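This report concerns only the one structure given below.
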Amino acid sequence: MAMPATTTFFYRTYDEALSLLTEARNYVAGLYIHEAGSFSATLRMAQCCETMRLTARLTHVMAWLLAQRAVYAGEITLEESVSEKFCLGGRSICLEESHYLDCIDDKSLGTLLDRSLRLYIRISRLDMMVKDRVAKALGTGSLSTGADFLE
């Protein structure tokens with residue numbers, strides 16, 4: 001039996017986020033081993049700020065995706081997934097443009113930041129769609145499970 005299109009989309013998004021998380025981890029590990037010592041203190045601070053922004057984006061995205069996976073598995077309800085505990089967080093930091101990229105001049109970090117921002121924006125839109133769906137469902141009745149959302 002073929003997977004529904006939205007389920008396939010979800011797993012592709014999950015795989016993309018996990019792959020980007022792995023790339024970011026490899027970048028940070030390589031940075032601190034090979035390059036960090038050659039930068040000035042100001043440049044190291046700027047690089048730390050941007051790698052933390054990268055980490056924050058990916059952490060929030062993965063947490064949201066795992067919550068949606070829990071909805072699909074029936075472990076939590078769709079209503080629970082839009083609570084503050086499970087909804088996409090970190091908007092003030094994660095949606096902010098990087099301030100230090102011009103002075104860092106690191107194409108690898110720039111690419112990771114750009115990709116993570118685009119992914120975060122996509123997930124933010126999905127988060128709003130889920131919230132809208134729950135709000136509509138609660139206005140017309142109770143939605144007991146969210147498994148149908150991904151099917």
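Throughout, read-outs are computed from the coordinates displayed, never taken from laboratory work. All figures in this text were calculated on a predicted structure; none of them were measured in a lab. Cβ atoms come from the backbone with ideal geometry, glycine included; neighbour counts cover every protein chain shown.
Things worth noting here:
- Residues Ala41 and Ala73, FRET efficiency given R0 of 41 Å [Cβ-Cβ distance, rounded to 0.05]: 0.30
- For region 119-124, putting each phi into the Karplus relation 6.51 cos²θ - 1.76 cosθ + 1.60 with θ = phi - 60° gives couplings of 5, 4, 5, 4, 5, 4 Hz, in residue order, rounded to whole numbers and with x for Gly and Pro.
- Estimated at 0.36 nm per residue, the fully extended path between Met129 and Ser108 surpasses their Cα-Cα distance by 4.4 nm.
- Karplus-derived 3J(HN,Hα), 6.51/-1.76/1.60, for each residue of region 86-99, Hz, glycine and proline x: 10, 6, 5, x, x, 4, 5, 8, 6, 8, 6, 5, 5, 8
- Normalised by 2.2 N^0.38 Å, with N the number of residues, the alpha-carbon radius of gyration of region 79-119 equals 1.54.
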